[in-house]
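Below is one structure, written out as structure tokens; comments come after it.
Bear in mind these aren't lab numbers, they're just calculated from the coordinates by the rules spelled out. Not measured: the values here are computed from a predicted model. Cβ sites come from the backbone with ideal geometry, for glycine too, and all protein chains shown count toward neighbours.
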Amino acid sequence: MSPQSIARLAGGALLIFAIVIMAAAGTYVVHPGYRGVEVTMGRVSPAFKPDGFGLKAPFVTAIHPISIRQQTAEDQAQCYSSDLQQVQVDLRVLFRIPESSVVKLFQQFYGDPFESLVAPRVQEALKEVAALQSAEQIVKNREKIKADALDLTRKKVGPLIVVEDIVIQNISLTKQLESAIEAKMVQKQESEKAQFFKQRAQIDADTAVIQAKGEAESIRIRGQALMADPAVVDLKIVEKWDGVAPLVVGGRDGLVYPLQDLERLSQLKQNAASTQSNAAPRRNPTPR
């Protein structure tokens, strides 16, 4: 191959390489869920680039992708309650960047928007809310603390970033404070238990009084009925009688017999005496 042919091939390869470089530098791709901020020689374009393929000035223009998807970040906040107790809150923040704030956020805030804008406002809001509640109330009213902190954070952040939610994962107290709260809860439970037994004893006493009053009233009514008509006693005896004759005490033997048996026994004794009288031998008169 002649030197001229080699030179032509090298020139063609360089031309193709230059064309590829120019094409790569003059195009861009914004992925779904992102918006592009166009910066040309330090000048930021006021309009963002939507997702998709586009052309730009090669070498002098750069496209910076900004995510508009919902993001989640974890953080911690050290707070002091109204009773000057230290409280540590472990939380997660759900946030997103609206399309209208992509360019402005890129111009005014450097780095991660959560670290530079959201996190400081969340911690500030939590500290302000916690300062109005005691440590025990912070633990009990977690949902209220979350709602108040979320509302205050949104006001502090403004429209640049949408704070979707704040999730309080854990609230940590000092060991001394946890022991004091636990002892207080145990004492409260014991007090409620004693109050329950006291109320139950009072109810039982009231029930006994009501029953005694009812029995006394029943006795009084029966007494009045007996005074008005003594035959009521006979009627009650007849109503309660089960058909068995009452028991009576016998004679010298001291045994107890039903009335029918006692009458039968008396009849037998009489019959036996009569039989013995009839069976006695008659004496013949002595001849003179």
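What the table shows:
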{"read-out": "Ranking of 5, 172 by count of other Cβ atoms within 10 Å, fewest first", "value": "5, 172"}
{"read-out": "Size descriptor, Kirkwood hydrodynamic radius, that averages inverse alpha-carbon separations across the stretch 71-173, Å", "value": "13.9"}
{"read-out": "Label-reachable residues, the stretch 77-104, where backbone N falls under 16 Å from a point 7 Å from residue 128's Cα toward its Cβ", "value": "79-80"}
{"read-out": "Net +/- balance of residues flanking residue 205 in space, Cβ distance below 15 Å, scoring K and R +1, D and E -1", "value": "+1"}
{"read-out": "Charge tally in the Cβ shell below 14 Å around residue 56, where Lys, Arg are +1 and Asp, Glu are -1, residue 56 excluded", "value": "+1"}
{"read-out": "R0 of 25 Å, Cβ-Cβ distance residue 86-residue 144: FRET efficiency to nearest 0.05", "value": "0.80"}
{"read-out": "Only Lys, Arg (+1) and Asp, Glu (-1) charged, at Cβ; the stretch 71-173 dipole about Cα centre in debye", "value": "220"}
{"read-out": "Sum of side-chain charges, residue 31 neighbourhood, beta-carbon under 12 Å (Lys, Arg +1; Asp, Glu -1)", "value": "+2"}
{"read-out": "Total lysine pairs under 28 Å (Cα atoms) in the stretch 71-173, excluding pairs fewer than 8 apart on one chain", "value": "13"}
